[in-house]
Amino acid sequence: MNSRRITFAIWPALALAVMSMAQEPKNCASLAEMKIGGVEITKAAPLPAVESVPNKPGAPRGYSGPLPAYCRVEGEMNRRTGVDGQAFGIGFALALPENWNGDFMMQGGGGGNGIIYEPLGTVAAGDLPALARGFAVATN
């Protein structure tokens, strides 16, 4: 199975499983121990609501306004060894708002670009990013 198929098969399962557990801070931190085939969760931590987000250089369409409290989950999926013997995988970050509205936004990273942007959902989201509107946001 190629990596594209694995990615599309894993995202829905990962997002649903994580969202069902991440509504409370204690559950957020416990997501680091979640086991899903082909997925390694390296970090899961609750982040408090903030009035202003620092605008990071290189991020697409920066946003510096308020954000709600959310659970941030980071990890890697489909870890493998390439033809040249170098290990690689698909890195990801999920932002799971405490007051989730039931919607999900996939914010891609441009494929193979080596950067995982902040999962705010600023692209194609209007003036207010998807996370600030209650969306769960994933980036890879």
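For the condition buried (at least 20 other Cβ atoms within 10 Å of the Cβ) and in contact with a helix residue (DSSP H, G or I) (Cβ under 9 Å, 6 or more places away or on another chain), what is the one hit in 96, 131?
96
Can you tell me which residue is most open to solvent (accessible area, probe 1.4 Å) among those in region 46-84 that are modelled with pLDDT of 90 or more and in a loop (DSSP other than H, G, I, E, B)?
48
The values are calculated or read from the model by the stated rules, or taken from the named source; none is laboratory data. As the structure is a prediction and not an experimental result, all values here were calculated from the model. When we count neighbours, we look across all protein chains shown, and the Cβ atoms used for this are built from the backbone with ideal geometry, even at glycine. Note: accessible area is taken over every heavy atom of the protein model, side chains too, but ligands, DNA and RNA are not part of it. Shrake-Rupley method; radii C 1.70, N 1.55, O 1.52, S 1.80 Å.
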